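Presented below is the structure to which this report refers.
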Amino acid sequence: MAERVDRAGETVDDVRRFFAEFARDYPDLPLYAHLTSAMSAEADLARMLLVARPGQARPVLFLAALHDLVLRRPDVPAAPWFARAAAGELGDGDDPWPDVRATVVAHRAELERTIATRTTQTNEVNRAVYVAALLHLACRDVGDLPVGLVELGASAGLLLGVDRYRVGLGDLVTGPADSAVRCHGEDRSRDPLRSLLIPPVASRVGVDLHPVSLDDEAVRWLQACLWPDLPGRLERFRAAVDVLRDDPPQLVEGDIVDALPTAAEAALSAGPARHLVVLTSWALTYVHRTRRDQLAGHLAQVAADGTPVSWVSAEPPGAVPGVPQRDSGHAEVNTVLAARRWRDGVEVAPEVYGHCHPHGAWVELDPLPGGGDRAV
């Protein structure tokens, strides 16, 4: 019998390889590394991911579906292991797989329904660390012009609240001192930032194929997409939801390329916004390479009347068209901080600011082109 193939042409062997690669790439995750390693040997269970939407047959979708099941059914055998992982209580000798496997087998049909209908949506609020750095650096030449902030691939738009969070990078902090949301990253730069200034955010617009409202069921799925092995993520996520729930960002449903003009117009027409800043953070990997230049084309049209426009990005090397590639010197680094900017109707030279941990745990900035002053 022919090997079963999913809608994107991936086979069971591909899925098993994906699980093995996840376990190899994330050995510091006590629960998820263990589970993905075990799943790589389970051909029958790995078939579950073949019902996923094209491009979604990834271990993180299976893990999110399992986490969602645990959140909805705290009595399943797998649930105590998730709680122990979140509390940092898993030891090297612990083996969660028998209980997790029993849960997967008993609830397979339910898990497959989730896998077939959901997509993973990462809402790691600590990414606000590098978003704050990007805003500081990209806006330094236009001072404190009010910003219309647009995030492409925004999910629930939690990063759009960056100015409402207390964000620290190294010894620097920005944002309200009394904010319940606390984000922090290490500044590994040889020449660290001397200030961290975020311009006033006048409007917030997010674009996503499947935008997430901040109601209870939607929030549960976003919580399920978080990795319980990483302490503090859940608490930070819940705090950000509480901060934004009373005054949420505007969310636009649609393809991030096609919907960008609508989102840009909405951001600039709301209140005193005078500088359009568009953020992509690990969103371009879901956009075909042949379409990515269209984003820059849309932004050039917005900038044609002289409106300052900045596209700030935290993406894998080579993902953003027009941004020069620069060797980080670290084989494991795969997130590049950069900006493309339009001023007075024309695009200025793109800038690569440095590299970072994909969840904001640290930032390593390069010297600015021309010896620019980061304190500005």
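Annotations
- Residue selected from the stretch 78-99 under the condition at pLDDT 95 or above and aliphatic (A, V, I, L, M), by the criterion surrounded by the fewest Cβ atoms within 10 Å (Cβ to Cβ): ALA79
Okay, residues lined up against (1) open to solvent by less than 10 Å² (accessible area, probe 1.4 Å); (2) of a type outside the set (S, T, N, Q); (3) not assigned by the TED database to the domain that holds LEU209:
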position	(1), (2), (3)
ARG101	no, yes, yes
VAL105	no, yes, yes
ARG108	no, yes, yes
LEU111	yes, yes, yes
LEU137	yes, yes, no
ASP144	no, yes, no
VAL147	yes, yes, no
CYS183	yes, yes, no
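- Scanning the stretch 234-247 for residues that are closer than 18 Å to ARG127 by Cβ, open to solvent by 10 Å² or more (accessible area, probe 1.4 Å) and in contact with a Leu (Cβ under 8 Å, 6 or more places away or on another chain) yields a count of 1.
- Of the residues examined, ALA64 is one that is within 16 Å of GLN223 (Cβ to Cβ) and touching a residue at least 60 places away in the same chain (Cβ under 8 Å).
- Matching residues in the stretch 113-135 - criterion: being over 20 Å from CYS356 (Cβ atoms) and open to solvent by less than 10 Å² (accessible area, probe 1.4 Å): ILE115
- Screening LEU276 on (1) in a helix (DSSP H, G or I); (2) at pLDDT 95 or above; (3) in contact with a helix residue (DSSP H, G or I) (Cβ under 6 Å, 6 or more places away or on another chain) shows it passes everything except condition (1).
- Search result, residues across the stretch 209-229 that are more than 15 Å from the chain's Cα centre (by Cα), open to solvent by 30 Å² or more (accessible area, probe 1.4 Å) and touching a residue at least 60 places away in the same chain (Cβ under 8 Å): ARG220
- Whichever residue in the stretch 264-305 is under 28 Å from ASN334 (Cβ atoms) and among the polar types (S, T, N, Q) and, among such residues, is most open to solvent (accessible area, probe 1.4 Å): THR290
- Any hit, the stretch 127-146, residues being in contact with a Cys (Cβ under 7 Å, 6 or more places away or on another chain), farther than 20 Å from LEU251 by Cβ and of a type outside the set (Ser, Thr, Tyr): yes
- Under the condition of being surrounded by 18 or more Cβ atoms within 10 Å (Cβ to Cβ) and either assigned to a loop (DSSP other than H, G, I, E, B) or modelled with pLDDT under 90 (or both), the residues counted in the stretch 198-208 number 2.
- No other residue among ALA46, ALA41 is open to solvent by less than 10 Å² (accessible area, probe 1.4 Å) and out of contact with any strand residue (DSSP E or B) (no Cβ under 6 Å at 6 or more places or on another chain) apart from ALA46.
- Take the conditions (1) closer than 24 Å to LEU222 by Cα; (2) in contact (Cβ under 8 Å) with a residue 60 or more places away in the chain; THR103 misses just one of them, which is (2).
- Residue identified as in contact (Cβ under 8 Å) with a residue 12 or more places away in the chain, within 22 Å of THR262 (Cβ to Cβ) and of a type in the set (Ser, Thr, Tyr) among SER179, SER189, SER155: SER155
- Boolean, PRO308 is touching a strand residue (DSSP E or B) at 6+ places or on another chain (Cβ under 8 Å), surrounded by fewer than 13 Cβ atoms within 10 Å (Cβ to Cβ) and not β-branched (Val, Ile, Thr): no
- Helices (runs of 4 or more DSSP H) completely within the stretch 41-97 that count 3 or more residues being in contact with a Lys or Arg (Cβ under 8 Å, 6 or more places away or on another chain): 43-46, 59-72
The values are calculated or read from the model by the stated rules, or taken from the named source; none is laboratory data. If you're wondering where the values come from, they're calculated on a predicted model, not measured in any experiment. Ideal geometry is used to build each Cβ from the backbone, glycine not excepted, and the neighbour counts take in all protein chains shown. When the accessible area is computed, the model is the full protein with side chains, heavy atoms only, and any ligands, DNA or RNA have been set aside. Shrake-Rupley method; radii C 1.70, N 1.55, O 1.52, S 1.80 Å.
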